[in-house]
């Protein structure tokens, strides 16, 4: 018999989802324990059972981001078109669990949470590593990740497709790799 990983309790997951939604929509000041419990449709006691404090709630959301980064990096590495195409193509995707949690953790980092900043740096490092493994050039990989950040920022303003031609951007990245190798 195979042992399976236990799924987190539904109330715990709903609390993290609610915390992320509040952070993204209203900011950290609005993300009180009472507001999170109400948005998650659980009692404050139920919330405190899973997260004894707001700091524990922050830690739980940061851990969820780390789990999503592992999944995202695995998807990058498994993508038939390669990690670079994956990161460029998925940068303009919205309304995903990943995006909601990522933006929520960005809000926490902006509010001064060191562990949130650390998790975001880990995400960036994981993406750069995956792209570097494909391209063989860390500087160009960093440029590719920054291009993906730009695609995201542009799409966030438009809240939809950006019209960026991923093949054209991939071609520019290939030119950077070629120019770097000629040095």
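Only the coordinates and a few stated rules stand behind these numbers; no lab work does. Predicted, not measured: the structure shown is a model, and the values here were computed from it. Cβ atoms come from the backbone with ideal geometry, glycine included; neighbour counts cover every protein chain shown.
Per-structure values
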read-out	value
Gyration tensor verdict on the range 1-104 (Cα atoms; rounded if a/c is under 1.5, prolate if a/b is larger than b/c, oblate otherwise)	oblate
The range 8-52 - Debye-derived log10 I(q)/I(0), Cα point model, q = 0.13, 0.15, 0.20 Å⁻¹	-0.22, -0.29, -0.51
Helix-only CD estimate at 222 nm, as mean residue ellipticity for the chain, using -39500 (n - 2.57) per DSSP H run (n ≥ 4)	-25000 deg cm²/dmol
Where labels lie 7 Å past Cα in the beta-carbon direction, separation of residue 158 and residue 110 in nm	2.2
Approximate spin-label separation residue 142-residue 41, in nm, with each point projected 7 Å along Cα-to-Cβ	4.7
Stokes-Einstein translational diffusion, the chain - Kirkwood Rh over all Cα pairs, 1.306 mPa s, 10 °C, in µm²/s	89
Degrees, to the nearest 10: 54-78 long Cα axis against longest axis of the chain	30
Those residues of the range 124-138 whose amide nitrogen sits under 16 Å from the label point placed on residue 77, 7 Å along Cα→Cβ	124-136
